[in-house]
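Note sheet for the following structure.
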Amino acid sequence: MKNLQIVTKIENFILPIRKFILSKILRRKYYRTGKCKACGKCCTKIYVKHYKHVIQDEKEFEKLKYLHRFYTYLKVIDKDETGLVFECMNLDPVTHKCKIHKTRPGICRRYPQEELFSMGGALSDDCGYQMKPIVSFEEVLHKEMKKH
Ligand code: SF4
Ligand code: SF4
């Protein structure tokens, strides 16, 4: 119980510093919390956005493979109203683990980042991570109410 209190106190001390660095220095709007559950869901049902559009066409996607090795790992598994749906071939279908975990690309190491939202993406419902706004709705409301 005492250990838990110490951990909570440390977290309460670190979180405002982390929020300050993210919002004021890195100009972020969200911070990541939680832990990966290694379910592998983010390695399936992937959309690829290039500039402002989601890839719809396999021929166009073929050209992207020269731009980044991450694209060479993807295979088309479907197409829906958003665009082509990909799955990563490095995902072990039995264990749901990444077969190249130690050498996986940076985009996988940094996942999830807030760019995910700006690109129109979302976390899977049961992802172990949550992306929380650095300034909560209550804080914004409180600030606005103080002005009036
Ligand atoms: S390289 Fe690994 S972590 Fe990245 S999408 Fe593929 S399976 Fe997932
Ligand atoms: S969906 Fe979330 S919990 Fe599952 S592997 Fe991806 S980051 Fe981890």
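Since every read-out is calculated from the coordinates, none of them should be taken as a lab result. A quick note: this is a predicted structure, and the numbers were derived from the prediction, not measured. Please note: Cβ atoms are built from the backbone with ideal geometry, for glycine as well, and neighbour counts cover all protein chains shown.
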Query - Members of K37/K79; K41/K132; K75/K99; K37/K97 lying beyond 22 Å, as alpha-carbon distances in this model show - result: K37/K79
Query raised in the report: Among K24, K65, K45, which one shows the biggest mean-square fluctuation in a GNM of the chain, springs joining Cα atoms closer than 10 Å?
Result: K24
Requested in this report: Just the isolated ones, please: cysteines in the chain lacking another cysteine beta carbon under 4.7 angstrom.
Outcome: C36, C39, C42, C98, C108, C127
Report task. State the answer as a single residue: which of L67, H53, Y31 lies farthest towards the positive end of the charge dipole of the chain, with beta carbon charges of +1 for Lys and Arg and -1 for Asp and Glu, about the Cα centre. Result -> Y31
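Using the Cα centre as the reference, give the magnitude of the dipole from point charges on the C-beta atoms of the chain (Lys, Arg: +1; Asp, Glu: -1; all else neutral), rounded to the nearest 20 debye.
Values: 31 positive and 17 negative charges, 188 e Å.
The calculation lands at about 900 debye.
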Query raised in the report: Which far-off residues, 5 or more places away or on another chain, put their amide H under 5 Å from the one on V85, with H placed in the peptide plane?
Result: I77, D78, K79, D80
Query raised in the report: Averaged over all directions, how much area does the convex hull of the C-alpha atoms of the stretch 36-127 cover when projected, in nm²?
Result: 6.1
Report summary line: Taking placed amide H atoms and a strict 5 Å upper bound, the residues 5 or more places from R28 or on another chain that come that close are S23
